[in-house]
Amino acid sequence: MGGNHTQIKFILFGITDSPCAQIPLFVLFLLIYIVTILGNVGIVTLVWVSPSLHTPMYFFLTHLAFIDICYSTVISPRMLADLLAEDKTISFTGCMTQFIMFAFFGSAECHLLAMMAYDRHVAICQPLLYVTIISSRVCWQLIASSYVFAFLSAIIYTWCVFGGSFCGPNHIDHFFCDVVPVLKLVCSDTHSSEMVIFAFVTINVVGAVVVILLSYISIIRTVLRMCSAQSRARAFHTCTSHLMAVALFFGTAFFMYLQPPSSHRSLDKVASIFYTTVTPMLNPFIYSLRNKEVKEALNKCTRRVFNHW
């Protein structure tokens, strides 16, 4: 990346240019961000203080909550500030930093959701070997590998997006520094960069989806062989929260990043809002409201607090 890049500044168009809509949107997204932080911090705290939740499933869930906190924080504060500010300028370094953090946490979440599917696969299909296969050491190795691969992917994405020459317009038609709107400002040929990005997104997203699909195919086969209807219902119930989180995250990811740049439309902003702000807010509710163990742990903690008072 050339030294002259540090002098470049971009201007974000933001979510809307309508003055009447900016204040209501600011209030809405501020509430979403506050609920996101409180919900995910609540999940992490609950798992930490509840011995009954000290299992691999909830170990992965705390990391999902941590990633959602960071993922949302990379985007939301800047978006909120721009809704109130007239000057939406962002420096080259600031734009690149936002993008690399966004790419890192987005890639990490892909791998983490795949690991959570594998964890459910082992728990349901090989329950007697679960403690041996998904040991504490294996959990940490899986988490460390996901962060390492996400970091390498983020470095490659960032080099492909910001390594070219910027000599044209500096207006980014988005509310954060994302792949497609930034690449549109590059003067040099971006075909090779787009191919590399597409390849790595395919590895991250499609690779994770393949692991999830294979895990759930095996889960479905095992559950259908169970004799007890109650056992089948319990097994499916433990998977519903994860499946909802997967559908929310990967649905918008496929829409946004596995299509040619020429196919991107105005709906991209709506999809981006959904997976950068709404999905991190919904995940804690998905895992708490539909999870008996979490609700029981929350009730115990609440009783302990009131009894202490």
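For the reader, a short list of remarks on this structure follows.
- Filter pass, Leu84 being modelled with pLDDT under 90, open to solvent by 30 Å² or more (accessible area, probe 1.4 Å), among the aliphatic types (A, V, I, L, M) and more than 19 Å from the chain's Cα centre (by Cα): yes
- Residue in the range 112-125 that is free of Cβ contacts under 8 Å to residues at least 40 places away in the same chain and loosely packed, with under 15 Cβ neighbours inside 10 Å present: no
Matching residues to (1) modelled with pLDDT of 85 or more; (2) open to solvent by 30 Å² or more (accessible area, probe 1.4 Å):
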residue: Gly163; (1), (2): yes, yes
residue: Thr202; (1), (2): no, yes
residue: Ser215; (1), (2): yes, no
residue: Arg225; (1), (2): no, yes
residue: Ala229; (1), (2): no, yes
residue: Ser241; (1), (2): no, no
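- Where a residue in the range 202-214 is within 20 Å of Ile156 (Cβ to Cβ) and its partner, wherever it lies, is outside any helix (DSSP H, G or I), with Cβ under 8 Å and at least six apart: Thr202/Leu258; Val205/Leu258; Val206/Leu258
- Within the range 11-26, considering residues that are of a type in the set (Gly, Ala, Ser) and farther than 8 Å from Leu83 by Cα, the one nearest to the chain's Cα centre (by Cα): Ala21
- Residue match in the range 186-200 (condition: open to solvent by less than 70 Å² (accessible area, probe 1.4 Å), assigned to a helix (DSSP H, G or I), hydroxyl-bearing (Ser, Thr, Tyr) and without any contact (Cβ under 8 Å) to a residue 40 or more places away in the chain): yes
- Some residue of the range 100-110 being acidic (Asp, Glu) and in a helix (DSSP H, G or I): yes
- Residues satisfying the stated conditions in the range 62-73, i.e. among the hydrophobic types (A, V, I, L, M, F, W, C) and either surrounded by fewer than 22 Cβ atoms within 10 Å (Cβ to Cβ) or closer than 18 Å to Val205 by Cα (or both): Leu64, Phe66, Ile67, Ile69, Cys70
- Of all residues in the range 68-85, none satisfies being of a type in the set (S, T, N, Q) and more than 23 Å from Leu248 (Cα to Cα).
- Test for Ala103: is it under 20 Å from Phe249 (Cβ atoms), crowded, with 18+ Cβ neighbours inside 10 Å and touching a residue at least 40 places away in the same chain (Cβ under 8 Å): yes
- Cβ-Cβ under 6 Å pairs, at least 6 apart or on other chains, the range 55-74 side of a type outside the set (Phe, Trp, Tyr), far side at pLDDT 95 or above and open to solvent by 30 Å² or more (accessible area, probe 1.4 Å): Val74/Met101
The values are calculated or read from the model by the stated rules, or taken from the named source; none is laboratory data. Quick caveat: nothing in here was measured; it's all calculated off a predicted structure. Neighbour counts are summed over all protein chains in view; Cβ atoms, including those assigned to glycine, are modelled from backbone coordinates with ideal geometry. To get the accessible areas, we keep the full protein, side chains included, count just its heavy atoms, and leave off ligands, DNA and RNA. Shrake-Rupley method; radii C 1.70, N 1.55, O 1.52, S 1.80 Å.
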